[in-house]
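The values are calculated or read from the model by the stated rules, or taken from the named source; none is laboratory data. It should be emphasised that the depicted structure is a prediction, and the values quoted were computed from it without experimental measurement. Cβ: placed from backbone, ideal geometry, glycine included. Neighbour counts: every protein chain shown. Accessible surface areas use protein heavy atoms only, side chains included; no ligands, DNA or RNA. Shrake-Rupley method; radii C 1.70, N 1.55, O 1.52, S 1.80 Å.
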Amino acid sequence: QVQLVESGGKLVQTGGSLRLSCAASGRTPNTYAMGWFRQAPGKEREFVATISWSGGNTYYAYSVKGRFTLSRDNAKNTVYLQMNDLKPEDAAEYYCATARDTATMRGGRINYWGKGTLVTVSS
């Protein structure tokens, strides 16, 4: 089993920045992709971003491209989501996830989910 613990969610003003973190522990695979999904009230969970094990490949949803940046520190089994220029439509519960690779993550084939961290954006 793998445990994912997210942190960093809070209330921020429109145009502000926030950094989310997600730490993995337990029986992590030798290599795995990490990423983020989000779910706003009344909406389905949607893909936000994913990063390969090496960190050399990142993929973003169109709605966050250019504003969000994903990075990872494998020594700490941690992934970071830097969110800039936040908009009210970014408000959601953000969930960390792991998958075999970035392609399977983008396809929604998730191995493990975190419990989420709430991001609220005031207008």
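Some observations on this one:
- When Leu86, Leu70, Leu20, Leu11 are checked against the criterion of being of a type in the set (A, V, I, L, M, F, W, C) and surrounded by fewer than 16 Cβ atoms within 10 Å (Cβ to Cβ), a single residue qualifies: Leu11.
- Leading residue by the ranking (farthest from Asn30 (Cα to Cα)) among those in the range 92-115 that are touching a Pro at 6+ places or on another chain (Cβ under 9 Å) and of a type outside the set (Lys, Arg): Ala92
- Boolean, Gly42 is without any contact (Cβ under 8 Å) to a residue 60 or more places away in the chain and loosely packed, with under 15 Cβ neighbours inside 10 Å: yes
- Every condition in (1) open to solvent by 40 Å² or more (accessible area, probe 1.4 Å); (2) farther than 18 Å from Gln1 by Cα; (3) of a type outside the set (Asp, Glu) is met by Arg27 except one, and the failing one is (2).
- Matching residues in the range 82-97 - criterion: being in a strand (DSSP E or B) and among the hydrophobic types (A, V, I, L, M, F, W, C): Met83, Ala92, Cys96, Ala97
- Residues that are open to solvent by 40 Å² or more (accessible area, probe 1.4 Å) and touching a residue at least 12 places away in the same chain (Cβ under 8 Å) within the range 93-121 comprise Glu93, Arg100, Asp101, Arg106, Gly108, Asn111, Tyr112, Trp113, Lys115, Leu118, Thr120, listed in sequence order.
- Among the residues of the range 108-123, those that are touching a Phe, Trp or Tyr at 6+ places or on another chain (Cβ under 9 Å) and small (Gly, Ala, Ser) comprise Gly108, Gly114, Gly116.
- Those strands (runs of 3 or more DSSP E) of the range 26-81 in which 3 or more residues are in contact with a Lys or Arg (Cβ under 9 Å, 6 or more places away or on another chain) and either modelled with pLDDT of 95 or more or more than 17 Å from Gly114 (Cα to Cα) (or both) occupy 33-39, 46-51.
- The lone exception for Val2 - which of (1) touching a Leu at 6+ places or on another chain (Cβ under 8 Å); (2) surrounded by fewer than 17 Cβ atoms within 10 Å (Cβ to Cβ) it fails: (1)
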